[in-house]
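Just so it is clear, none of the values below were taken in a lab; they were calculated from the coordinates. Predicted model only: the values in this text are computed from it and were never measured. Every residue, glycine as well, gets a Cβ built from its backbone with ideal geometry; the counts of neighbours run over all protein chains shown.
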Amino acid sequence: MDPKDLHTLPEGLPVPEDDGAARHLPGARLPPVSLPSTSGESVDLSSLPGTTVVYCYPMTGRPGSPLPEGWDGIPGARGCTPESCGFRDHHAELRALGARVFGLSTQSTAYQREARDRLRLPFELLSDEGLGFASALGLPTFEVEGMVLLRRLTMVVTAGRIEHVFYPVFPPDTHAAEVAGWLRGRGRSRKGER
């Protein structure tokens with residue numbers, strides 16, 4: 001396999017372990033922070049009605065640009081492109097389950113817009129380049145080559161409150177299907193409560 005292929009995961013990636021860094025998130029209210037979107041609008045996730053899936057990822061690579069030194073050795077770092085493509089491929093299913101989708105990283109909106117267009121994502125990416133949202137919520141981060149990046153996690157948010165958190169996320173290429181399965185199960189639970 002070509003190690004420069006951003007669409008597939010190399011064999012033998014280290015599996016991230018749950019370090020407890022997201023334990024405080026379920027039940028928390030999102031902070032009222034406006035985040036720039038690849039649509040050109042700002043989005044305040046705390047004010048959105050209904051169900052929102054926010055998948056946080058470290059950074060998407062670009063074809064022909066090197067990944068940070070030792071990237072494949074950082075547990076949970078590799079796989080942002082396959083994860084985003086998974087959410088793209090499951091987008092209609094997630095919408096049918098009543099959820100809107102956003103990706104969130106600390107990359108600039110311009111950088112994210114290139115990835116959104118190249119990967120043909122049917123949803124917007126949100127930039128937390130200044131780390132205001134991540135800091136206010138206490139999202140887990142890591143540093144590499146002078147960049148502060150989000151650890152991979154996904155929040156299912158209902159009317160501004162975190163209902164469920166997936167952390168750590170591995171493997172990232174099948175994660176969107178995992179989220180869809182959780183949402184289907186939640187729907188069955190709610191029907192059984194009636």
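May I ask you to derive the relative contact order of region 76-189, considering only C-alpha pairs under 8 Å and at least 6 residues apart, and to give it as an integer percent?
Relative CO of region 76-189 lands at 31 percent.
Please go through region 122-192 and write out the GluC sites (Glu not before Pro) that DSSP classes as loop and that have at most 14 other C-beta atoms within 10 Å.
Those satisfying the criteria are Glu145.
Considering amide H positions built from the backbone, and no H for Pro or chain starts, which residues 5 or more places from Leu126, or on another chain, come under 5 Å of its amide H?
Gly103, Leu104, Ser105
Under the rule of at least 5 residues apart or a separate chain, name every residue whose amide H is placed under 5 Å from the amide H of Ala28.
Ile162
For region 123-135, in order, what is each residue's ³J(HN,Hα) by Karplus, 6.51 cos²θ - 1.76 cosθ + 1.60 with θ = phi - 60°, in whole Hz (x at glycine and Pro)?
Karplus-based 3J(HN,Hα) across region 123-135 equals 9, 9, 9, 10, 9, 10, 4, x, 6, x, 5, 4, 5 Hz.
Only bridges with both residues in the chain count here: give the DSSP antiparallel percent, nearest 5.
65 percent
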